[in-house]
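The values are calculated or read from the model by the stated rules, or taken from the named source; none is laboratory data. Please read all numbers here as calculations on a predicted model, not as lab measurements. Cβ atoms come from the backbone with ideal geometry, glycine included; neighbour counts cover every protein chain shown. Heavy atoms of the whole protein, side chains included, go into the accessibility calculation; ligands, DNA and RNA do not. Shrake-Rupley method; radii C 1.70, N 1.55, O 1.52, S 1.80 Å.
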Amino acid sequence: MSYDDVEIEDMEWNEELQSYTYPCPCGDLFQITKEDLKLGEEIARCPSCSLYITVIYNMEDFLADSNQQKGIQPSKQQPVTVA
Amino acid sequence: MVGRVKCNIDASFLANSDKVGIGICIRDEHGAFILAKTEWLNPKSEVRIGETLDLLSALDWVHELQLGPVDFELDSKRVQILFNKNITRRNINRRESSKSRLMEESEEEKKYESERLWSWGAGTDGQLGTGRLQDEQIPQQLSLSSVSSLACGGAHVIALTSGATAIFYLINSATGKVLSWGRGNSGQLGHGEVVNNVLYPKAVTSLDNYFITHVSAGWSHSGFVSDTGCLFTCGDGSFGQLGHGDYASHSSPVKVSYFVDQHVAQVACGMRHSLVLLKGSLSNQVYGFGSGKRGQLGVSKDKIKSINLPEVVNGLEDVEIVGVSANGDHSAALSVDGNLYTWGRGFKGFEDSHLPQCLNSTLKFTKATLGWNHALAMTGEGEVYMLGGNHLGVLSDLHTVRQAKQLTDSREANLEKVPGLDGTKITDIATGAEHSVLNGEIKTWGWGEHGQLGLGDDGDRISPVTASLGYDLNEAASTRVYCGSGFTFALTKP
């Protein structure tokens with residue numbers, strides 16, 4: 001059973017993981033790659049536990065412009081100001 | 001000498017000298033000076049020993065002077081607690097408690113009179129403070145013994161140390177030191193650097209000049225409140241949840257200038273939003289900032305994506321709020337009359353609420369805690385009720401899909417009494433993302449995949465089960481429980 005339905009715009013792009021992520025209740029992150037999204041995959045999994053979420057998105061947004069990502073603007077992680 | 005006198009005592013420990021300085025000052029009931037003396041003791045001892053000898057010396061002197069009723073004042077809480085216990089527990093009325101007994105108690109005290117801390121559950125970011133990056137299914141006792149309260153977030157923990165022990169360990173330090181550990185990749189630990197994990201408790205030194213009285217840990221951000229009412233935030237600011245007017249993240253606590261002329265009493269950090277409770281301001285007392293998509297800010301009936309400066313929560317005017325909490329996309333406030341207000345993401349079967357809704361119940365609550373899909377509320381009689389108990393954190397069977405409840409006006413239909421407590425008076429409650437903990441005994445239920453229930457396995461439980469700490473909780477004066485997303489802490493105080 002899917003833990004939750006999450007819109008792609010509520011997920012964050014994680015540069016390090018090269019994935020869209022969303023908090024998992026275990027403390028880790030649900031993750032899905034652009035490649036998965038292009039293939040129509042809608043399940044984002046957590047690498048640390050059995051839970052997964054259903055990602056709500058428009059596949060065309062990812063197929064149409066794979067480099068520029070004009071269609072959607074998910075939140076990006078901000079750089080952290082040190083000190 | 002007639003009337004009551006006051007005797008102030010203190011011991012000093014010099015780095016470059018092998019002796020302990022003792023100061024004793026006696027004043028009358030009007031505060032007028034009577035007598036004072038100083039002494040040196042050789043060799044230099046541990047602080048707790050020195051403070052004990054100081055008290056002993058004062059007792060001897062007061063006895064010698066044949067003074068009447070005397071109030072002793074000293075800054076070593078440990079010595080004070082131990083001395084009082086010594087008198088009450090053993091019914092010793094003799095004025096000259098023997099030196100050896102005090103010394104012996106001082107040694108024992110470490111075993112019997114200090115705080116104890118346990119952790120269990122998800123630990124792969126070091127959030128359990130065990131020094132290991134692994135989950136624990138059984139409660140692990142930590143060697144950290146100076147903690148007075150905790151806040152647990154997504155995968156990090158913030159601890160406040162108690163004054164007495166701070167004196168014990170750090171002679172010149174004031175009370176209310178802040179420690180943090182666990183995941184630090186967004187700066188949420190406040191150490192001034194971005195690190196994946198901190199395995200052991202580490203001081204948030206930039207707050208050294210403040211006496212921090214209240215802390216909160218969100219998914220990846222943190223809030224700190226000082227005794228003077230200043231609010232500091234650090235960590236992930238991508239949704240405006242730090243309240244600085246931008247979307248920047250910070251790895252050191254930064255003062256929230258919006259509240260610079262106000263007295264902040266509490267902060268509550270959720271997944272991507274924060275709530276603030278002001279002291280002594282009845283009309284504009286609760287503020288929200290950060291992500292507001294599910295209504296969790298409560299600042300407008302319209303849908304708000306996010307705000308990066310605090311705004312007043314609507315609909316709590318004329319209600320005196322004494323506590324706020326936030327977790328996941330939920331928000332809650334508790335009034336002085338015991339009414340519970342919730343807003344944000346709707347609990348199972350209910351729609352999101354963009355403004356605070358008062359729970360329709362005759363019950364009077366004294367504490368409420370939030371998970372990601374459920375809430376617990378405790379009454380003054382020590383009974384515990386659950387809201388939204390239909391998800392993982394649940395009382396009902398996980399795998400039995402219940403028919404969706406009809407939406408009704410009465411939200412009371414959603415409130416279930418936690419069963420199986422057999423009249424046990426519950427003294428504290430805590431909620432993780434999908435699990436719950438309460439104590440009288442420590443009982444846990446909900447999602448258990450990471451061992452967060454502390455029962456020695458990774459199974460879920462649909463109703464409360466006793467988790468053993470291997471310690472008789474009756475020996476503790478109080479026990480508190482705390483939950484992070486997938487982990488749990490228990491703290492006992494002597």
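Points worth noting:
- Candidate set: the range B:188-206, residues that are free of Cβ contacts under 8 Å to residues at least 60 places away in the same chain, more than 13 Å from B:His156 (Cβ to Cβ) and within 14 Å of another protein chain (Cβ to nearest Cβ); chosen: the one surrounded by the most Cβ atoms within 10 Å (Cβ to Cβ): B:Ser206
- Summed over the range B:28-51, residues that are among the basic types (Lys, Arg) and open to solvent by 70 Å² or more (accessible area, probe 1.4 Å) total 1.
- Restricted to the range B:438-449, and to residues there that are part of a loop (DSSP other than H, G, I, E, B) and open to solvent by less than 10 Å² (accessible area, probe 1.4 Å), the residue that is farthest from B:Gln134 (Cα to Cα) is B:Ile442.
- The lone exception for A:Phe30 - which of (1) under 11 Å from the mean Cα position of the chain (by Cα); (2) among the hydrophobic types (A, V, I, L, M, F, W, C); (3) more than 14 Å from chain B (Cβ to nearest Cβ) it fails: (3)
- B:Ser249 open to solvent by 10 Å² or more (accessible area, probe 1.4 Å), modelled with pLDDT of 95 or more, assigned by TED's automatic domain parsing to the domain that holds B:Ser274 and not charged (D, E, K, R): no
- From the options B:Gly243, B:Gly295, B:Gly290, B:Gly237, residue that is within 24 Å of B:Val336 (Cα to Cα) and either open to solvent by less than 10 Å² (accessible area, probe 1.4 Å) or not small (Gly, Ala, Ser) (or both): B:Gly295
- Verdict on B:Trp372 being modelled with pLDDT of 95 or more, within 25 Å of B:Asp302 (Cβ to Cβ) and open to solvent by less than 10 Å² (accessible area, probe 1.4 Å): no
- Residue count for the range B:152-173 satisfying the condition of being open to solvent by 10 Å² or more (accessible area, probe 1.4 Å), among the small types (Gly, Ala, Ser) and either modelled with pLDDT of 95 or more or in contact with a helix residue (DSSP H, G or I) (Cβ under 7 Å, 6 or more places away or on another chain) (or both): 3.
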